[in-house]
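The values are calculated or read from the model by the stated rules, or taken from the named source; none is laboratory data. The model shown is predicted, which means the values in this text are computed figures rather than measured ones. Cβ coordinates were reconstructed from backbone atoms using ideal geometry, including for glycine residues, and neighbour counts include every protein chain displayed.
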Amino acid sequence: MKNNNVMDRAMAPTPKFFKTLRTVGLVLAAVAGTILTAPIGLPVAVVNIAGYLAVAGGVLSAVSQITVDDAKAAVKKEDNG
């Protein structure tokens with residue numbers, strides 16, 4: 001595996017499993033954002049958990065996005081020259 005910079009890895013093909021994980025992370029972050037911005041008073045524990053879910057969703061999405069499918073990336077690179 002060749003070392004790529006972060007931008008190359010973000011633009012490279014992602015394996016199917018990590019695409020699913022990325023979607024789960026985005027959903028977690030969206031749900032947490034909804035809870036954090038709710039116009040009603042929520043218990044402190046719920047707000048704290050929502051904050052942790054937002055961080056977890058962001059990290060999960062970021063790590064899943066930069067995971068590269070080496071086989072597809074090599075084929076794509078050969079096609080481009």
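Pairs are defined by a Cβ separation below 9 Å, a sequence spacing of at least 6 or placement on different chains, a first member in the range 6-18 that is among the aliphatic types (A, V, I, L, M), and a second member that is exposed (fewer than 15 other Cβ atoms within 10 Å of the Cβ) and not in a helix (DSSP H, G or I); the pairs so defined are ALA12/ASN4.
Checked against the criterion of being at pLDDT 95 or above and assigned to a helix (DSSP H, G or I), the candidates ALA71, ALA29, ALA10, ALA62 yield just one match: ALA29.
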